[in-house]
Structure formats: C-alpha cells, structure tokens
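Please treat every number below as a calculation from the coordinates, not as lab data. Computed from a prediction, not measured in an experiment: that's the story for all the values here. As a convention, Cβ positions derive from the backbone with ideal geometry for all residues, glycine included, and neighbour counts pool all protein chains shown.
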Amino acid sequence: MPDHQIPKQRIAIVRLKGDGHMHRDVRNTFRLLRLYRKQHCAIIPNTPEYVGMLKVIKDAATWGEINQETFKLLLLKRGKVARKEKFTESYLKEKTKMDAEQFVKEFFAFSKELKDVPGLKPFFKLSPPRKGLEKKGVKAPYSLGGALGYRKDDINDLIQRMA
C-alpha cells in the first residue's frame, strides 16, 4: 500500500442479525469479513474498499472507530486460538516476542496485523450486550434510536458491554 493510502484508524464491525431472509450479497459480504454468526466482531482498516462493504451490510450490522483500550480488552478477553488453546498474554509474548500493550500500539500504527499472531482467529465471538441494545433494537438505524449502522466512537461502549 503506498504511503498516502495508509488508513488513519481501525473499524470494529459487530454483526447483529442472522442469515434468515438475507440477500446473498449481504451474506457473501459477511463471509468476506469473517462474520459468520450473530454477535461476532471483526476489526478492519478504514479503507474505501471496506467502506463499500459496510454499505452493503448496513441493515444487519453496526460499526464504528475502535480505540486501543477496547481493542486490548477484546484481544485478551475474547481472542481465540485454533486447536482449543487459550489466547493469553503469555501466548502472544511467546509467538510475537512482544506484550499486549506493544502489540496493540503497533496494530493501530498499521505495522502489525492480527494474522501476524500465528493461530489467532481473525474474529471475536461476543456475548449479547449487558442491558441490551438500544430501544428500537435491530429494526432501526443507530441515528434513529436503533442499533444498526454507523455509531462513531459509541462502538467502544457496545463492545465493552458484549466482551
């Protein structure tokens, strides 16, 4: 990627709806983002290609800019490794020779990716949010009191309630 195209931030996407009665384009976009089930979360760079994908899934997911503190919580609490091994800070240190704080900083500086940690799954399984979703739930966009679509920095609060 040329220097002038390096994205400035990371986006967290949380899938809120299942596959039932979903158009195949939406279903395929979720597969490309590795969001296979409800309440799964993925972290992506803010690039025009991904923004186009977000427009396709806007009626079945929510997203926003994630901060480093929330990402660290997500990584340590909900990170999973293949072969039923638990993801811990010691596993991260053993595989990448850096602690979680340093990895998170480099991840947000775009010098490291999730795939740089061998065996780490590129998505996070979350639980339903404590105290529920917004009042109108998964039938209305976030701007109108629902839970779907773009929610800026408020995604951090939602992820912390779901982690």
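Can you compute the helix-only [θ] at 222 nm over the chain? Use -39500 (n - 2.57) per DSSP H run of at least 4 residues, normalise by all residues, nearest 500 deg cm²/dmol.
-9500 deg cm²/dmol
With a 10 Å radius around each residue's Cβ, average the other Cβ atoms per peptide and rank 62-75, 136-149, highest first.
Descending packing order for the listed peptides: 62-75, 136-149.
What pairs in Lys55/Lys112; Lys86/Lys115; Lys72/Lys95; Lys112/Lys152 have C-alpha atoms more than 20 Å from each other?
Beyond 20 Å between Cα atoms: Lys55/Lys112; Lys112/Lys152.
After finding the eigenvalues of the alpha carbon gyration tensor for the chain, what semi-axes result from the square roots of 5 times each, listed largest first in whole Å?
Each semi-axis is the square root of five times an eigenvalue, giving 26, 18, 15 Å.
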